[in-house]
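Taken together, the values in this text are just the output of simple stated rules run on the coordinates, not laboratory data. None of these values were measured; they are calculated from a predicted model. With ideal geometry, Cβ positions are generated from the backbone for all residues, glycine too; neighbour counts draw on all protein chains shown.
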Amino acid sequence: MNHIHRAIAILGIITSIGGLSPSVYAQPPQTLTQERSAEDFNKQGLEKYHNGDYQGAIQDYDRAIRLNPNFAGAYVNRGNARDDMGDIQGAIADYNQAIRVNPKDDTAYYNRGISRIRARNYQEAIADFDQAIRLNPEFAEAYGNRGNIRAALGDKQGAIADYNQVLQINPNDALAYYNRATAKAQLGNPQDAIADFQKAADLGKQQDNQRLYQDALDKIKDLQQSVAERQTV
């Protein structure tokens, strides 16, 4: 089961309205008793994780990994718990191990990218999102977060290209419209930005996201006022 990091904020870009929750998943059922026991501990760890008991979850993932050292999902899940506890380097070490076990795990690359953003290793994070996208071209969250980094580093056109990809995959992603609007405004395209902010506001209202809805409306007012002031000069 997958629960994906929605996004995180970089340098004032609004990319997450709710709390952050990393991508977690359970290993498919195994045939050996030992591996089923590892799976039991992993599932128990997930339950504790979702209840906010990160330390208890880590202990269960430790047990799962002792029983099955090649359990990539348990490494990813332990990394998520460590990340949420502020142990960024410990989380990255777990994602590294998951990738060694399964080099085609797009989730491990993606979550390592999230931790690398937290560590302010932006170029390494971009490389992780690049690989996640190569493995899973429909990974909208990877495009979105890569766009956020590109925008924060000044590559507005690259960011817009990534937000375009998000919207191609999910046309109802209000945050992608909001972030694309922000990049367009910074590039000096106020009318295009206003159109995107309006779309973000409309979707935010439909999705009962009051904060995003109001933020987008405020941005529209600011841009309209800026345009009007320039026209009177």
Candidate lysines - alpha carbon under 30 Å from residue 43, same-chain residues fewer than 8 apart omitted | 104
Given labels modelled 7 Å from the Cα in the Cβ direction, how far is it in nm from residue 37 to residue 208?
-> 4.5 nm
How many angstrom lie between the C-alpha centres of the stretch 87-153 and the stretch 158-186?
-> 19 Å
For residue 205, go through the lysines and keep the ones whose alpha-carbon is under 16 Å away, minus same-chain ones fewer than eight residues off.
-> 219
In nm, to one decimal, how far is the modelled label at residue 230 from the one at residue 127, with both set 7 Å along Cα→Cβ?
-> 3.9 nm
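How long is the gain from residue 218 to residue 138 if the chain were fully straight, where each residue apart is worth 0.36 nm and the alpha carbon distance is subtracted?
Length gained, residue 218 through residue 138: 25.6 nm.
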Under the Karplus relation with 6.51, -1.76 and 1.60 and θ = phi - 60°, whole-Hz ³J(HN,Hα) for the stretch 166-175, x at Gly and Pro, equal 4, 6, 5, 6, 9, x, 9, 7, 5, 5
When only DSSP loop residues count, what trypsin sites (Lys or Arg not before Pro) in the stretch 86-118 have their Cβ near at most 14 other Cβ atoms within 10 Å?
-> 104
